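Report on the structure given below.
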Amino acid sequence: MRIIFLPLLLGVTLSLSGCADEATAEDPLPESEFSELQSGLYADNDTQKQSKVIVSQEDYDKELLVYTSASPESIDFVTGKVLLVDMGQRNTGGYSIKVTSVDISENYVVAQVNLVKPGQNCLVTSALTNPYQFVFIPTQKEVLITERITLEACR
């Protein structure tokens, strides 16, 4: 009896311990390395709020020219893509936009974007601003974007 019970117990224990390694829908996704290529608060041209995935050097060069006269970096589009996030023109300062993380899934990546707005008591410049950021994401997977809006607390 004990001889049969021991292998049965061992088999159940091993099969249950294998379940612990499986991912669930609530498990966090692993983060990917990404790098900022260019960012700013002022664009050379007025733009609308947008997120855009850029997949060629030619398109990156053209898009960057809308925002700045800085020379574009040479990008390896075989290994990755460029993500542009643009908050669009704002009437005052105090706004910002930033990719905060890029999480990898089996079939896609999720880029988390944080948009910051100034609170009621914030002292801001009265100049027009246009926060934007270009980042390189080293993957050929589809890029999905989620946004989080943060209200800056000022006293």
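The values are calculated or read from the model by the stated rules, or taken from the named source; none is laboratory data. Remember, it's a predicted structure, so these values are computed and weren't measured experimentally. Cβ atoms come from the backbone with ideal geometry, glycine included; neighbour counts cover every protein chain shown.
For Ser51, the conditions (1) among the small types (Gly, Ala, Ser); (2) outside any strand (DSSP E or B); (3) within 16 Å of the chain's Cα centre (by Cα) all hold with the exception of (2).
Contact map, the stretch 139-155: residues that are within 10 Å of Leu115 (Cβ to Cβ) paired with residues that are surrounded by fewer than 13 Cβ atoms within 10 Å (Cβ to Cβ) and modelled with pLDDT of 95 or more, Cβ distance under 9 Å, separation 6+ or inter-chain. Pairs shown: Arg148/Thr100.
Scanning the stretch 45-62 for residues that are over 15 Å from Val113 (Cβ atoms) and either touching an Asp or Glu at 6+ places or on another chain (Cβ under 7 Å) or crowded, with 17+ Cβ neighbours inside 10 Å (or both) turns up Thr47, Ile54, Tyr60.
Select from the stretch 80-110 the residues that are of a type in the set (Gly, Ala, Ser) and free of Cβ contacts under 8 Å to residues at least 60 places away in the same chain and write down the one among them that is surrounded by the fewest Cβ atoms within 10 Å (Cβ to Cβ). Let's see the steps before the verdict.
Kept after step one, since they are of a type in the set (Gly, Ala, Ser), are these residues of the stretch 80-110: 80, 88, 93-94, 96, 101, 105.
In the following step, the residues that additionally are free of Cβ contacts under 8 Å to residues at least 60 places away in the same chain were identified as 88, 93-94, 96.
Numbers: Gly88: 16, Gly93: 18, Gly94: 18, Ser96: 20.
This residue is Gly88.
Here Glu152, Glu147, Glu63 are screened, and the one residue that is at pLDDT below 95 and under 21 Å from the mean Cα position of the chain (by Cα) is Glu152.
Can you tell me which of Asn107, Asn91 is under 22 Å from Glu142 (Cβ atoms) and not hydrophobic (A, V, I, L, M, F, W, C)?
Numbers: Asn91 fails: under 22 Å from Glu142 (Cβ atoms).
After applying the criteria, what remains is Asn107.
Only one of the numbered conditions (1) closer than 17 Å to Glu36 by Cα; (2) surrounded by 16 or more Cβ atoms within 10 Å (Cβ to Cβ); (3) of a type in the set (S, T, N, Q) is not met by Ser71, and that is (2). With respect to the stated conditions, Ser105 is modelled with pLDDT under 95, more than 21 Å from Asn45 (Cβ to Cβ) and either touching a Leu at 6+ places or on another chain (Cβ under 8 Å) or not basic (Lys, Arg) (or both).
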